[in-house]
1. Can you confirm whether segment 191-199 contains a residue that is closer than 17 Å to residue 275 by Cβ, outside any loop (DSSP other than H, G, I, E, B) and touching a helix residue (DSSP H, G or I) at 6+ places or on another chain (Cβ under 6 Å)?
2. Among the candidates 36, 88, 58, 72, which residue alone is within 19 Å of residue 295 (Cβ to Cβ) and basic (Lys, Arg)?
3. Quick one: is residue 19 farther than 29 Å from residue 282 by Cβ and out of contact with any Cys (no Cβ under 9 Å at 6 or more places or on another chain)?
4. Could you tell me which numbered condition residue 219 fails, if it satisfies all but one of (1) out of contact with any strand residue (DSSP E or B) (no Cβ under 8 Å at 6 or more places or on another chain); (2) exposed (fewer than 14 other Cβ atoms within 10 Å of the Cβ); (3) within 27 Å of residue 248 (Cβ to Cβ); (4) not charged (D, E, K, R)?
5. What's the number of the condition residue 83 fails, among (1) outside the structural domain of residue 54 (by TED's automatic domain parsing); (2) assigned to a helix (DSSP H, G or I); (3) charged (D, E, K, R)?
6. Please go through segment 162-176 and give me each residue that is assigned to a strand (DSSP E or B) and crowded, with 20+ Cβ neighbours inside 10 Å, ordered by number.
7. Residue by residue through segment 250-274, note down the ones that are hydrophobic (A, V, I, L, M, F, W, C) and crowded, with 18+ Cβ neighbours inside 10 Å.
8. Among the residues of segment 102-114, is there at least one that is part of a loop (DSSP other than H, G, I, E, B) and either among the aliphatic types (A, V, I, L, M) or at pLDDT below 95 (or both)?
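The values are calculated or read from the model by the stated rules, or taken from the named source; none is laboratory data. As the structure is a computational prediction, the values presented were derived from the model and not from experiment. Please note: Cβ atoms are built from the backbone with ideal geometry, for glycine as well, and neighbour counts cover all protein chains shown.
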Amino acid sequence: MKTLPKVFISEPIAPVGIEMLKEKAQIVLAPDTTKRTALELVRDAEAAILRATTVFDREVIEHGPHLKAIVRTGVGVDNVDLKSAAERGIFVCNTPGTNDETVAEHVLALILAFAKQIIPMDKAVRSQRWEERFSIRQMDVKSKLLGIIGYGKIGKATAALSHFLGMHVTVYDPFIEKIGENVSFTDDLEMLFRQSDFVSLHCPSTPITHRFIGKRYLGLMKKTAYLINASRGDLINDRDLIEALEQDAIAGVALDVFQKEPLCADSPFLNFKNVILSPHVAGSTKESNERIAIAAVQAVIDTLAGREPRNICNLEYFPDQLKKTPEHE
């Protein structure tokens with residue numbers, strides 16, 4: 001009997017994905033997301049399915065001599081060394097389009113939570129401070145300006161949902177064609193920060209975007225404006241953001257992603273009443289997790305069957321001789 005290939009899974013995926021792999025592979029589910037565990041379990045694996053917190057750098061990839069595919073659930077692949085994988089003929093894939101609206105809904109929920117002061121009002125009732133109903137800290141979102149930085153699929157989905165709430169949307173993205181319904185585009189990022197009532201980040205993690213939101217842009221925001229990051233934790237300079245919060249320079253911030261995850265117990269962000277935190281779940285719902293699992297597992301199945309998978313992210317790094325082989329064409 002032929003031995004089934006081993007598939008390393010860094011964190012649990014939806015059961016539908018596990019069912020797809022049954023009778024096609026041996027599933028190796030990591031007990032934790034540490035590098036030490038990845039180094040140990042990847043040795044015999046022919047494919048790996050990763051979430052955000054498991055890093056596959058050059059060292060880990062070198063410890064997986066049989067790897068043919070590394071699949072990232074979601075869009076971002078910044079936790080995988082794309083070049084090292086390509087040098088070894090390993091496909092790195094992601095699962096775009098599986099949670100665009102899911103993330104957009106989460107962003108809109110955060111906008112509404114700030115606008116309607118949902119969390120403070122809940123606490124007021126629980127603390128018998130009924131007089132808070134007269135504070136009038138709430139506001140309408142209709143006609144407010146949402147500044148979106150990054151206009152990929154999630155940025156577009158966020159803009160579309162915002163439009164139905166009657167919000168105005170201004171987009172900054174120097175890498176896309178300026179076409180879109182019900183949005184305006186700007187090449188002036190400083191203006192976006194000055195004018196927006198809400199700023200939502202939808203950028204990939206790159207050397208250009210690394211901690212680019214700092215004193216310069218935070219200092220331009222209105223004191224009544226809110227910042228929302230459900231994209232990548234390293235887009236923001238945490239020290240500068242904490243300083244802005246301490247000085248009441250902005251109205252508040254919502255963070256679903258962090259520079260280091262999980263967020264440490266002594267993080268200053270835990271001490272601010274005008275900060276909303278969620279544990280990197282903007283793209284995770286029952287429905288989206290099923291779509292993500294299906295797409296990720298299908299990429300593994302295709303690769304192990306000798307077919308080219310969808311959504312390869314590192315093909316540009318492949319040596320020319322690999323690109324010309326039939327299975328890589």
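1. In the first step, residues of segment 191-199 are kept if they are closer than 17 Å to residue 275 by Cβ; the result is 198-199.
Applying the additional criterion that residues be outside any loop (DSSP other than H, G, I, E, B) yields 198-199.
In the following step, the residues that additionally are touching a helix residue (DSSP H, G or I) at 6+ places or on another chain (Cβ under 6 Å) were identified as 198.
Within segment 191-199, one or more residues are closer than 17 Å to residue 275 by Cβ, outside any loop (DSSP other than H, G, I, E, B) and touching a helix residue (DSSP H, G or I) at 6+ places or on another chain (Cβ under 6 Å).
2. Working: 36 fails: within 19 Å of residue 295 (Cβ to Cβ); 88 fails: within 19 Å of residue 295 (Cβ to Cβ); 58 fails: within 19 Å of residue 295 (Cβ to Cβ).
None of the others qualify; the one that does is 72.
3. Values: farther than 29 Å from residue 282 by Cβ: no; out of contact with any Cys (no Cβ under 9 Å at 6 or more places or on another chain): yes.
No; evaluated as a whole, the condition is false for this residue.
4. With respect to (1) out of contact with any strand residue (DSSP E or B) (no Cβ under 8 Å at 6 or more places or on another chain); (2) exposed (fewer than 14 other Cβ atoms within 10 Å of the Cβ); (3) within 27 Å of residue 248 (Cβ to Cβ); (4) not charged (D, E, K, R), residue 219 is out only on (2).
5. So the condition that residue 83 fails would be (1).
6. Step one: list which residues in segment 162-176 are assigned to a strand (DSSP E or B), which gives 168-172.
Result: 169, 170, 171, 172.
7. Just the residues of segment 250-274 that are hydrophobic (A, V, I, L, M, F, W, C), to begin with: 250-251, 253-255, 257-258, 263-265, 269-270, 272.
Listed by number, the residues that qualify are 250, 251, 253, 254, 255, 257, 258.
8. Let us first name the residues in segment 102-114 that are part of a loop (DSSP other than H, G, I, E, B), namely none.
Among the residues of segment 102-114, not one is part of a loop (DSSP other than H, G, I, E, B) and either among the aliphatic types (A, V, I, L, M) or at pLDDT below 95 (or both), which makes the answer no.
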